[in-house]
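The values are calculated or read from the model by the stated rules, or taken from the named source; none is laboratory data. Keep in mind the model is a prediction, meaning the values are calculated, not measured. No Cβ is skipped: glycine too gets one built from the backbone with ideal geometry, and neighbour counts run over all protein chains shown. Calculation scope for accessible area: heavy atoms of the full protein, side chains included, ligands and nucleic acids excluded. Shrake-Rupley method; radii C 1.70, N 1.55, O 1.52, S 1.80 Å.
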Amino acid sequence: ITWPRGRRGWTIVLLSLPQSNGRDAAAAQAKRARDGGLRRIGVLDSSRFASLHPGYYVVFHGIFASEAEASSSLQRARTVFPTAYQREIVP
């Protein structure tokens, strides 16, 4: 999935990879997430979002309107990516 332009919301960050590793590395991790049964997976360029540290590709799961909604998907995400966490995304 693609994060909607200009939208503020919550997501589950599965992992972040330095952009120096290349977008293909992030795409491979997104595939790993899908292969693990997670749906609604995407990759963000962290440099485009005020709430993220620049210089990373962020593999994410879902777009949620609230922290509570994101929280409801966190345990499932952790079955594939144990260090996953919820994060607010601010354009």
Heavy atoms of I1: accessible area, 1.4 Å probe, square angstrom to 10: 80 Å²
Subtracting the Cα-Cα distance of D35 and Y85 from 0.36 nm times their residue separation yields 16.1 nm
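Pull out a ≥ b ≥ c, the square roots of the eigenvalues of the alpha-carbon gyration tensor of the chain, then state rounded if a/c is under 1.5, prolate if not and a/b is larger than b/c, and oblate in the remaining case. Please list the in-between numbers first.
Values: a/c = 1.70, a/b = 1.03, b/c = 1.65.
In terms of gyration-tensor shape, oblate.
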Long-range amide H contacts for R8: which residues qualify at under 5 Å (H placed 1.01 Å from N, peptide plane, sequence gap of 5 or more or a different chain)? none
For the stretch 57-74, 3J(HN,Hα) per residue [Karplus equation, 6.51 cos²θ - 1.76 cosθ + 1.60, θ = phi - 60°, Hz, x = Gly/Pro]: 9, 10, 8, 10, 10, x, 10, 10, 7, 9, 4, 4, 4, 4, 4, 5, 9, 5
Spin-label model distance (nm) - E69 vs A27, 7 Å beyond Cα toward Cβ: 2.9 nm
Give me the accessible area per residue for the chain, probe 1.4 Å, as a whole number in Å². 55 Å²
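Could you give the size of the charge dipole of the chain about its Cα centre, using +1 on the Cβ of each K and R and -1 on the Cβ of each D and E, expressed in debye and rounded to the nearest 20? Could you put the intermediate results ahead of the total?
Numbers: 13 positive and 6 negative charges, 42 e Å.
For the chain, the charge dipole is close to 200 debye.
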Which one, G55, Q86, A30, is farthest towards the positive end of the dipole of the stretch 28-90 when Lys and Arg carry +1 and Asp and Glu -1 on their Cβ? A30
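Taking the Cα centre of the stretch 7-49 as origin, sum charge times position over the Cβ atoms of Lys and Arg (+1) and Asp and Glu (-1), and report the length of that vector in debye to the nearest 20. Present the calculation step by step, with values, prior to reporting the outcome.
Details: 9 positive and 3 negative charges, 51 e Å.
Here the size comes out at about 240 debye.
For the chain, calculate the relative contact order in percent as a whole number, restricting contacts to Cα pairs under 8 Å that are 6 or more residues apart.
On the way: 179 pairs, mean separation 39.6, N = 91.
Computed over the chain, the figure is 44 percent.
Tell me the net charge near T2. Cut-off is 13 Å between Cβ atoms, T2 excluded, with +1 for each Lys or Arg and -1 for each Asp or Glu.
Details: positive: R5, R7, R40, R48; negative: D45.
Overall, the nearby charge balance is +3.
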Computed on Cα atoms only, the convex hull of the stretch 4-48 has an orientation-averaged projected area in nm² of 3.5 nm²
For the chain, calculated [θ]222 nm from helices alone, where every DSSP H run of n ≥ 4 adds -39500 (n - 2.57): -8500 deg cm²/dmol
